[in-house]
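Taking it in order: structure first as structure tokens, then the write-up.
Laboratory data are not the source of any read-out in this text; all were calculated from the coordinates shown. Model, not experiment: these values are computed from the prediction. Backbone-built Cβ (ideal geometry, glycine too); neighbour counts: all protein chains shown.
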Amino acid sequence: MNVQPLHIDAAGPGPDAAAAAAAGPPVVELAGVSKRFGQRAALDEVTLTVRRGEVLGIIGRSGAGKSTLIRCLNGLERPDAGEVRIEGRAISRLSERELQPMRRRIGMIFQHFNLLANSTAAENVALPLKIAGIAKAERMRRAGELLDLVGLSDRGGAYPAQLSGGQKQRVGIARALAAEPALLLSDEATSALDPETTGQILELLRDINRRLGLTVALVTHEMEVVREIASRVVVLENGHVAEEGEVCRVFADPQAPITATLLRSLRPELPADLAARLTSTLGGEAVFRLDLVGEAARAPLLAELAGRFGAEARLLHGGIETIQGRPVARLFVAVRPSPAADLAAIAAFLASRATRSDLLGHVSSAS
Ligand SMILES: Nc1ncnc2c1ncn2[C@@H]1O[C@H](COP(=O)(O)OP(=O)(O)OP(=O)(O)O)[C@@H](O)[C@H]1O
């Protein structure tokens, strides 16, 4: 294996370069990949592409086929039909021996870190280099560089039991990067970590993605993880791709029912006491649920309702989140039309501004 020093820009190319890299050549291509276990189709004609520099999130219910998909990518599972290509090379029919060099192009991080307990952090990181036959002095030098990259330069001599969960995952990431992979696979890598440590690990992965242009495919049940670092998302349901697209688009405006269900945890709900008082009888205040994306999320909507329609409008509940740098507002708004105003006109105005606008009902007073 040809071991080059890590070349890292001091400032890094930044998000624009990352976006440009996302339009790079395919690192992974799946074409009509199917895999059955008995009667069960774990994967059903899955076709997708992951391009260089992209971070792809893979989500789905338990049993949807996420792990099978990951195992097909690293050659641990052979599809019954279809083709898997890594950097343009079809791997589905390679022998175990032919698969070895290809597997070195793929780094993997795990929920429970999978570190060797009796080896130091530096030895764990150096392990893939040892397997590749790199001399000890060189592999330990490189392990030091990698530990530096993940912010653990002073912990190389520590054993896993002496490290926190976040530090163990940093070692796992450094080890996965040791062979300079073309693709980093992450299988629930933050699921065993507390929210603060999860944030730090995601920041590290984002940083590595930007600085090294590394391509990442990550499986997670944590929708926040996808929102934080993925550029694209694939939603699996019963082994097939139910929806895929830019994270911003899919999270702001999910098309498949399964996507809306999975993302429900991110969506604010109308407070229960208010929901219980909603009726279909006109009068009082009309309660709207609105999803607003981009410019519309920042517009002075309530003031506009007052100015255009003479309506009294109040924010009941909700908030603004940032997805891939774009604001997405999910709001519940109460509108009391002035006597002259037409509620239908207000509803049409809101629909023209919102990605999604629902008139939920009416309350005599929403407060
Ligand atoms: N080796 C196997 N033998 C038999 N059935 C399997 C095997 N591996 C997976 N399956 C089945 O294939 C389907 C998809 O499983 P998979 O583990 O890929 O789903 P998943 O989305 O990763 O689920 P989870 O989120 O629970 O890990 C499930 O019905 C599972 O029971």
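Suppose the Debye formula is applied to equal point scatterers at every Cα of segment 272-363; what is log10 I(q)/I(0) at q = 0.14, 0.17 Å⁻¹?
Here the Debye-derived log intensity ratios amount to -0.47, -0.69.
Among D154, D80, which comes first, second and so on when ranked by fewest other beta-carbon atoms within 10 Å? Each step should come with its number before you reach the end.
Numbers: D154 9, D80 14.
Fewest-to-most ranking of D154, D80: D154, D80.
With viscosity set to 0.692 mPa s at 37 °C, what whole-number translational diffusion coefficient in µm²/s follows for segment 208-295 from Stokes-Einstein and a Kirkwood radius over Cα pairs?
On the way: Rh = 15.8 Å.
Using the Kirkwood radius from Cα pairs, D works out to 208 µm²/s.
Under a point spin-label approximation (7 Å from Cα along Cα-to-Cβ), what is the L343-Q100 distance to one decimal in nm?
7.3 nm
Dipole of the chain (Lys/Arg Cβ +1, Asp/Glu Cβ -1, origin at the Cα centre): which of A306, T279, S231 lies farthest to the positive side?
Farthest towards the positive pole: S231.
With a 10 Å cut-off between alpha carbons and a GNM built on the chain, which of T215, T281, T49 moves the most?
For the chain, modelled as a Gaussian network with Cα springs under 10 Å, the answer is T281.
Would you mind pulling out the separation of the Cα centroids of segment 274-296 and segment 300-358, in Å?
Spelled out, the Cα-based centre of one part sits 9 Å from the other.
For all pairs of alpha-carbon atoms in the chain, what percent lies in each bin of width 20 Å, listed from the first bin to the last filled one?
For the chain, the pair-distance distribution reads 26, 47, 22, 5, 0.
Which ³J(HN,Hα) values in Hz, rounded to whole numbers, follow from the phi angles of segment 248-260 under the Karplus curve 6.51 cos²θ - 1.76 cosθ + 1.60, where θ = phi - 60° and Gly and Pro get x?
4, 5, 5, 6, 7, 8, x, 9, 7, x, 5, 5, 4
Among 160-168, 199-207, 172-180, 283-291, what's the highest-first ranking by average C-beta atoms within 10 angstrom per residue?
Numbers: 160-168: 16.1, 199-207: 18.1, 172-180: 24.0, 283-291: 19.8.
Packing proxy ranking, top to bottom: 172-180, 283-291, 199-207, 160-168.
For the chain, modelled as a Gaussian network with Cα springs under 10 Å, which listed residue fluctuates most, K35, K130, K66?
Residue with maximal mean-square fluctuation among K35, K130, K66: K130.
Treating only the Cβ of Lys, Arg, Asp and Glu as charged (+1, +1, -1, -1), what charge dipole size does segment 272-363 show about its Cα centre? Round to the nearest 20 debye. Provide the component values of the computation, followed by the final result.
Numbers: 10 positive and 9 negative charges, 22 e Å.
Computed about the Cα centre, the dipole is about 100 debye.
Taking amide hydrogens as modeled 1.01 Å from N in the peptide plane, which residues meet the under 5 Å criterion relative to D80, leaving out close sequence neighbours?
The list, which skips near neighbours in sequence, is S34, K35, R36.
Using only helices, what value at 222 nm comes out for the chain when you add -39,500 (n - 2.57) per DSSP H run of length 4 or more and divide by the total residues, to the nearest 500 deg cm²/dmol? Each step should come with its number before you reach the end.
Values: 14 runs with 129 residues, N = 367.
Computed mean residue ellipticity for the chain: -10000 deg cm²/dmol.
What FRET efficiency comes out for L315 versus S352 if R0 is 25 angstrom and r is the Cβ-Cβ distance? Round to the nearest 0.05.
On the way: r = 19 Å, r/R0 = 0.77.
Efficiency, rounded to the nearest 0.05: 0.85.
Positive end of the dipole of the chain, charges at C-beta (+1 Lys, Arg; -1 Asp, Glu), about the Cα centre: which of Q200, G151, V241 has its Cα farthest in that direction?
Farthest along the dipole direction, towards plus: G151.
Hey, can you grab everything whose amide H is under 5 Å from the amide H of I109? Only 5+ residues off in sequence or another chain; H modelled, so Pro and N-termini drop out.
L185, S186, D187
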